[in-house]
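What follows is one structure encoded as structure tokens, with my remarks underneath.
What follows draws every value from the coordinates through simple rules; no lab data is involved. For clarity, every value in this text was computed on a predicted model and none was experimentally measured. Please note: Cβ atoms are built from the backbone with ideal geometry, for glycine as well, and neighbour counts cover all protein chains shown.
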């Protein structure tokens, strides 16, 4: 287990704020110039934001499992970075469309899907009860939900 204290959460919030500031700056300044790499780094900052928010959400009792850190947190960030790289490197290219989408964006959609939906869903199914929430807290939560269902 990796300890994530309140001080570390504060650092993560600062990283998120800096990333958001950079995304806004890159969009504003880089959008005007057609071949500006600032846009690409702004896109990568979005991937960093994904990792930061996953990190903050995966902490239970100021601890995080190493398994959760590697998958889904870092794996999701890697998929996001690949998707944004595909989008950036294929911009402006004339290509045949796949299912109505530019091939670069179509390929990126696969990585967005793998990164967000599949990674999060599989992580929930496989890791949630054993890595994210301690057994005693999970059992207490299930009893609370079962009690609420009886009331309705």
Principal-axis tilt of helix 135-151 within the chain, Cα atoms, nearest 10 degrees
80
Give me log10 I(q)/I(0) at q = 0.13 Å⁻¹ for the chain, Debye formula, one equal scatterer per alpha-carbon, no solvent.
-0.74
May I ask you to sort 7, 94 by Cβ crowding, counting other Cβ atoms within 10 Å and putting the fewest first?
94, 7
I'd like the orientation of helix 75-89 relative to the chain: the angle between its Cα long axis and the longest Cα principal axis, in ° from 0 to 90, rounded to 10.
10
Sequence gap at least 6, Cα distance under 8 Å: using those rules, report the relative contact order of region 82-152 to the nearest whole percent.
25
For region 2-151, what does the relative contact order come out to in percent, with C-alpha contacts under 8 Å and a separation of six or more?
22
Report, to the nearest 10°, how far helix 38-57 tilts away from the longest principal axis of the Cα atoms in the chain, using its own Cα long axis and a range of 0 to 90°.
0
What is the ratio of the Cα radius of gyration of region 70-152 to 2.2 N^0.38 Å, with N the residue count, to two decimals?
1.66
Stokes-Einstein, Kirkwood over Cα pairs, region 1-53, 37 °C, 0.692 mPa s; D in µm²/s equals 275
Please give the calculated 222 nm ellipticity per residue for the chain, where each DSSP H segment of at least 4 residues contributes -39500 (n - 2.57) and the sum is spread over every residue; nearest 500 deg cm²/dmol?
-21000 deg cm²/dmol
